[in-house]
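The values are calculated or read from the model by the stated rules, or taken from the named source; none is laboratory data. Just so it is clear, the structure is predicted and the values come from calculations on it, not from any experiment. Cβ placement follows ideal geometry from the backbone for every residue including glycine, while neighbour counts extend to all protein chains displayed. Only protein heavy atoms, including side chains, enter the accessible area calculation; ligands, DNA and RNA are left aside. Shrake-Rupley method; radii C 1.70, N 1.55, O 1.52, S 1.80 Å.
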Amino acid sequence: MLDKIKHAFAPRKVIIFCFDIMCYLMVCAVIAIISEHISHLYPLFSHFVNVAIILCVLTSISRAFVFRIYNNVWRYSNSYSYLIIVAADISACICTIPLSILLKTYCGIWPVVVVAAGFNIVTLCSRFVYQLMYKHLNEKESRTENNKINVAIVGAGQLGVLLAEELILKSTSHYTPYCFIDTDTDKVGSKIRGLKVYYEDESIIDTIKDLPVQEILIALPRIDNERALALYEFYSRTGCKVKLYDTAVQDISSPSSSRGTRRSIREFQIEDLLFRRSIEVSSPESRAYYRNKVVLVTGGGGSIGSELCRQIAKCQPKQLIILDIYENNAYDIQQELWREYGVSLDFRVEIASVRDRVRLDAIFNHYRPQIVFHAAAHKHVPLMEHSNSEAIKNNVMGTYNTADMAEKYGVAKFILISTDKAVNPTNVMGASKRMCEMVVQCRTDSKTSFAAVRFGNVLGSNGSVIPLFKKQIAKGGPLTVTDKRIIRYFMTIPEASQLVMHAGSMAKRGELFVLDMGKPVKIYDLAVNMIKLSGLRPDIDIEIVETGLRPGEKLYEELLIKTEKLQKTSNNLIFIESDAPLSREEVEDKIAILNRAVEAAEGELESVGVKEALMEVVPTFHNPEDVNCNAEDSAEMKITNAVV
């Protein structure tokens, strides 16, 4: 209540109110003098005017509060704000006439109209003059400051003009708009907000070089990544820094709660140039599914797991349980959620390994989760090639243990996080995840609804290529690429987490959900553009070095969306792989084979027997050499080469 009172009587509002009263008194004085001079012609006119003045002052003051005129910040007002004043004054004038009749002081229509019109004209003029003076003084100050940066704005449409006005009016801005650049011939050569509009063609590069412009701001609505890349490369030829006026690409290292959608000037990011815009996968209905549910996330401190925890926290769950073996990650997400939600979110953190059935049993028995997201896994391909027994223990056996506990304690939904590397795998990590999918898919007779979700590489996740390239650039290079031909599919962390949650709400019996990932990206192109974004030159300032394919690595990941067996879902980006599941008995036999292989490999750092056992239980597991020798003929590589 106290805050509302302070807001209502803010100094700015009090000053404007007092100014309006002074204007009204001045108008009243002028009209009173005029009426006095003509009173000998119209004896009653002076009396009527005095009555009209009193009533108009009262109604005008009232209309200001009814229409909330004093809530406007008049230095930034627009035509709508002025229209509100006119509408308010007309309303006040109309109200004055019945009020005067009611008080038996009816003085006729014309005296009321004269006084009301005087009030309206003075009010409008005072606001308009103030706005003009503010703009003039601010522009003058902007021109005299030496530390301002002259910028050319690409786009003389509504967005570009909005940006120019913002820069002119904002005294704290470091930018001064110098000109516009546009392809609309109707605008070229004219001036908008006093700024000349130049035509965008090849000659504009030399033109900008001759102008006192230090930076170029792209202010175009809804530009896709191909257009953004073309604009960035085109205007970089001027030698000016090129920036974007846009809603910020979500910072993949920051919590989703801190990500805003406000439009601002920012540096180009690699996500703007090579990857599609982040898409909204989930829906209000799917998010509502998690409200008042007990949800457990294994691997809850990892890249995907922690984002799942953030998204679930927004859904107002009954309780959120974060399970992870790595206490540092678990601690980070715990502190983040504490800062964001405090006691309003009931969440717990449990340090545990999914390998430990006894520990898992205790956790499931205590919390009785209704929904389980299984994100705990070893994911690094070269490391798992060497430590293949650990991949089986953590990925396969960990999934098996967690799925067993879900069934034992009556979990409603169990969602496995899988990967595109499970499609015709060429490495231990991918094959182990394919085995995890089998563990989930075979439980179609369970009361628990099991499902798996496949997607490609996640931008900014721990150990992914973008953070690695950033570190290498910071050190002066070189950037290491295993092979210049290698391609991958990418998606953002929010996309991945939304996909998982949406699949969780739709899951029924053993589905394997896949996402339309769009076009693959060449890792070499990624390296080149990241160097350019840093203001450096590829292979001149920063070298790009091929290191050779790592063990188990193939040149391309296969398309997730390419078979006729796919079923559509309510979301046109999500499909269901109609893969015939194995029986429980068949999967149990495969688990037994892997267990024997792991036991036989005790004391070995890298076991050939474990890899052979994995190839036996996952029929689609191939040697990478067999795949890479025919890579150029694959549909995936042809798509990428066609794009280039």
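What percentages, rounded to whole numbers, describe P(r) for region 385-479 computed over all alpha carbon pairs with 10 Å bin width beginning at zero?
15, 36, 28, 14, 6, 1
Return the whole-Å distance between the Cα centroid of region 520-542 and the Cα centroid of region 404-432.
35 Å
Could you tell me which of Ala288, Ile312, Gly301 has its Cα farthest along the dipole of region 281-331 towards the positive end, charges placed at Cβ (Lys, Arg +1; Asp, Glu -1), taken about the Cα centre?
The one lying farthest along the dipole's positive direction is Ala288.
Keeping every protein chain in place, order Phe234, Phe450 by accessible area at 1.4 Å, biggest value first, i.e. largest first.
Numbers: Phe234 35, Phe450 0 Å².
In descending accessible area the options line up as Phe234, Phe450.
Using bins 10 angstrom wide from zero, how does P(r) for region 497-544 break down, in % of all Cα pairs?
With 10 Å bins starting at 0, P(r) equals 21, 27, 18, 19, 13, 2.
Which number comes out as Rg/Rh for region 153-232 once both Rg and the Kirkwood Rh are worked out on C-alpha atoms? Walk me through the intermediate numbers first.
On the way: Rg = 12.4 Å, Rh = 13.1 Å.
Ratio of gyration radius to Kirkwood radius for region 153-232: 0.94.
Would you mind getting the Kirkwood hydrodynamic radius of region 281-416 from its Cα pairs, rounded to one decimal in Å? Each step should come with its number before you reach the end.
Details: mean 1/r = 0.0662 Å⁻¹.
Over region 281-416, the inverse of the mean reciprocal pair distance is 15.1 Å.
Viscosity 0.890 mPa s, temperature 25 °C: give me the Stokes-Einstein translational D for region 336-418 in µm²/s, with Rh taken as the Kirkwood radius over C-alpha pairs.
Values: Rh = 14.2 Å.
After rounding, the answer is 173 µm²/s.
Using θ = phi - 60° and the Karplus relation 6.51 cos²θ - 1.76 cosθ + 1.60, list the HN-Hα couplings for region 598-607 in order, rounded to whole Hz, with x at every Gly or Pro.
So the Karplus estimates, Gly and Pro as x, are 5, 5, 5, 8, 4, x, 9, 6, 9, 10 Hz.
How do Lys447, Lys170 stack up against each other in accessible area, from largest to smallest, with a 1.4 angstrom probe? Mind showing how you got there, number by number?
Details: Lys447 195, Lys170 90 Å².
Reading off the accessible areas and sorting them downward yields Lys447, Lys170.
Given a Förster distance of 22 angstrom, what is the FRET efficiency for Arg222 paired with Leu162, based on the Cβ-Cβ distance and rounded to 0.05?
On the way: r = 15 Å, r/R0 = 0.67.
It comes to 0.90.
Taking the Cβ of Tyr198 as the centre, find all other residues whose Cβ is under 15 Å away and add up their charges (Lys, Arg: +1; Asp, Glu: -1).
Values: positive: Lys187, Lys191, Arg193, Lys196, Lys209; negative: Asp182, Asp184, Asp186, Glu200, Asp201, Glu202, Asp206, Asp210.
Spelling it out: positives minus negatives among the neighbours equals -3.
Over all Cα pairs of region 144-198, how is the pair count split among 10 Å bins, expressed in % and running from 0 up to the last occupied bin?
26, 54, 18, 2
Using a 7 Å offset from the Cα along the Cα-to-Cβ direction at both Asp346 and Gln316, what is the distance between the two label points in nm, to one decimal?
1.4 nm
Quick check: convex hull over the Cα atoms of region 321-372, volume per residue in Å³, rounded to an integer?
On the way: hull volume 4.0 nm³, N = 52.
Hull volume over Cα atoms, normalised by residue count, gives 77 Å³.
Dipole magnitude of region 387-538 about its Cα centre, charges +1 at Lys/Arg Cβ and -1 at Asp/Glu Cβ only, in debye to the nearest 20?
On the way: 21 positive and 11 negative charges, 101 e Å.
Dipole of region 387-538, to the nearest 20 debye: 480 debye.
Along region 499-506, what does the Karplus equation 6.51 cos²θ - 1.76 cosθ + 1.60 (θ = phi - 60°) give for ³J(HN,Hα), rounded to whole Hz, x for Gly and Pro?
4, 4, 5, 5, 4, x, 6, 8
Alpha carbons only, please: Rg and Dmax for region 565-610, in angstrom.
That works out to 17.8, 50 Å for Rg and Dmax.
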